[in-house]
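The values are calculated or read from the model by the stated rules, or taken from the named source; none is laboratory data. A quick note: this is a predicted structure, and the numbers were derived from the prediction, not measured. All Cβ positions, even for glycine, are placed from backbone atoms using ideal geometry, and neighbour counts span all protein chains on display. In case anyone asks, the SASA skips ligands and DNA or RNA and just uses the protein heavy atoms, side chains included. Shrake-Rupley method; radii C 1.70, N 1.55, O 1.52, S 1.80 Å.
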Amino acid sequence: MKSLKYFYGILSILGTILPYSQLVPWISENGFNITQLIYEASESRIGAFAWLDVVVAAVVLIGFILYEGIREKMKYLWLPIIGTLTVGVSLGLPLFLLLREIHLEKSERRSI
């Protein structure tokens, strides 16, 4: 279904732009100060909650990408994994689902 591919594609773009719209200004103010980043992200209980939630979601997503991708014999599994590690789940998940839709569409065409 083409609409799902567009939906996942748009979410992949938004999943990159929205988080980076906050990270880029922070980096311009603080530089690549990982210690400061971790400190600010875990400074409050709610910040630590959000940070840990994202870490767990990213680990689950990478496991899902590997399991489902290998099971479906998909190509380019490294793309959503790198996206998850460099941007976050907000890019990794919709990018994987987009690649999966493309793969399933090609598989359906081959079986006809």
Condition check for residue 61: under 19 Å from residue 85 (Cβ atoms), in contact (Cβ under 8 Å) with a residue 40 or more places away in the chain and under 16 Å from the mean Cα position of the chain (by Cα): no
Where a residue in the stretch 98-112 is more than 18 Å from residue 83 (Cα to Cα) and its partner, wherever it lies, is surrounded by 14 or more Cβ atoms within 10 Å (Cβ to Cβ) and among the basic types (Lys, Arg), with Cβ under 8 Å and at least six apart: 105/5
Residue tally, condition over 18 Å from residue 86 (Cβ atoms) and outside any helix (DSSP H, G or I), over the stretch 32-51: 3
Residue 71 of a type in the set (Lys, Arg) and either touching a strand residue (DSSP E or B) at 6+ places or on another chain (Cβ under 6 Å) or at pLDDT 95 or above (or both): yes
Enumeration of residues in the stretch 69-112 that are in a loop (DSSP other than H, G, I, E, B), among the β-branched types (Val, Ile, Thr) and either surrounded by 20 or more Cβ atoms within 10 Å (Cβ to Cβ) or over 8 Å from the mean Cα position of the chain (by Cα) (or both): 112
Test: residue 23 is open to solvent by less than 80 Å² (accessible area, probe 1.4 Å) and either in contact with a strand residue (DSSP E or B) (Cβ under 7 Å, 6 or more places away or on another chain) or touching a residue at least 40 places away in the same chain (Cβ under 8 Å) (or both): no
